[in-house]
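**Student:** Sharing a structure below in structure tokens format, with a few things to ask.
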């Protein structure tokens, strides 16, 4: 992926030097989700579920506490470059930060153009870089959770060490595999702006857990498709990808499929616990967005 030299986003908040700490370390005690306190035992369960099943542990915490994700809000106004601790200042200059900042900027350009074409304004998300642990409107984010999007503050949270895990433990190396991860989380932001997140959250408590898992699969597959839509228009505008880059993204989608993760971790597959979709489904929907470049082709909720 020929990303060097391209424009970087100004919506990067670098907290890596802020020393966020673990639970109880300057974080005001245990996190609260859905208005209820979360105990350490619940957090352990959430982290295990996140690793085994590919579930965002913040979602698990919301379910276990009897609540749901934070209230959906619009993204905050534009801000200046994020320096250490998230304060305005010079944009981070290490290679990993520059890479994700470049990818984020391209998502801003692509989605800005697509939203304008539809007669709407695109509100850009903020990408938060952190180490170990950090605050979010959805509770405390831990690096073990992997990247996640919080609709409560319209921010994407990322510990860059996840990319090492993606390559070494999950078998998905490559810079475009990393770009796919960022684009997938931005896809959740697009869903938030389109009202999908709110509609899905309103179903919580009205349907069974198995049905909620199935609905979650459709949400995640749509985010994969939206990542493909971004890749389509990004390549059309910059031509910075080659066949090996696209293969990296397809491989990443396969490696983080629910069936792949479950088979690797526990030696068996439990379809009713899927929350993100199978490897085949994730590749199929990413490819659908990539080939069509159309948001209309990403209606996973009406698909079989």
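One line per residue, one yes/no per condition, for (1) under 12 Å from the mean Cα position of the chain (by Cα); (2) part of a helix (DSSP H, G or I); (3) at positive phi:
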{"position": "170", "(1), (2), (3)": "no, no, no"}
{"position": "182", "(1), (2), (3)": "yes, yes, no"}
{"position": "193", "(1), (2), (3)": "no, yes, no"}
{"position": "206", "(1), (2), (3)": "no, no, no"}
{"position": "219", "(1), (2), (3)": "yes, yes, no"}
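**Student:** Condition (residue is at pLDDT 90 or above and more than 17 Å from the chain's Cα centre (by Cα)) applied to region 249-259: is it met by at least one residue?
**Tutor:** No, region 249-259 contains no residue that is at pLDDT 90 or above and more than 17 Å from the chain's Cα centre (by Cα).
**Student:** Among the numbered conditions (1) surrounded by fewer than 22 Cβ atoms within 10 Å (Cβ to Cβ); (2) in contact (Cβ under 8 Å) with a residue 60 or more places away in the chain; (3) farther than 21 Å from residue 101 by Cβ, tell me where residue 160 comes up short.
**Tutor:** It fails just one condition, (3).
**Student:** Quickly run through region 90-143 and pick out the residues that are closer than 18 Å to residue 178 by Cβ, in a helix (DSSP H, G or I) and over 14 Å from the mean Cα position of the chain (by Cα).
**Tutor:** 95, 96, 97, 98, 99, 101, 102, 105, 106, 108, 110
**Student:** Out of the residues in region 104-122 that are within 15 Å of residue 232 (Cβ to Cβ) and touching a residue at least 60 places away in the same chain (Cβ under 8 Å), which is surrounded by the most Cβ atoms within 10 Å (Cβ to Cβ)?
**Tutor:** 107
**Student:** When residue 225 is evaluated against the numbered criteria (1) in contact (Cβ under 8 Å) with a residue 60 or more places away in the chain; (2) more than 17 Å from the chain's Cα centre (by Cα); (3) in a helix (DSSP H, G or I), which criterion, by number, is the only one it fails?
**Tutor:** If we test residue 225 against (1) in contact (Cβ under 8 Å) with a residue 60 or more places away in the chain; (2) more than 17 Å from the chain's Cα centre (by Cα); (3) in a helix (DSSP H, G or I), just (2) comes out false.
**Student:** Quick one: which of 223, 231 is within 18 Å of residue 182 (Cα to Cα) and touching a strand residue (DSSP E or B) at 6+ places or on another chain (Cβ under 9 Å)?
**Tutor:** Selected residue: 223, the only one of 223, 231 that is within 18 Å of residue 182 (Cα to Cα) and touching a strand residue (DSSP E or B) at 6+ places or on another chain (Cβ under 9 Å).
The values are calculated or read from the model by the stated rules, or taken from the named source; none is laboratory data. Here the structure is a predicted model, which is why all the values come from computation and not from measurement. For neighbour counting, all protein chains shown are included, and Cβ atoms are generated from backbone atoms with ideal geometry for every residue, glycine included.
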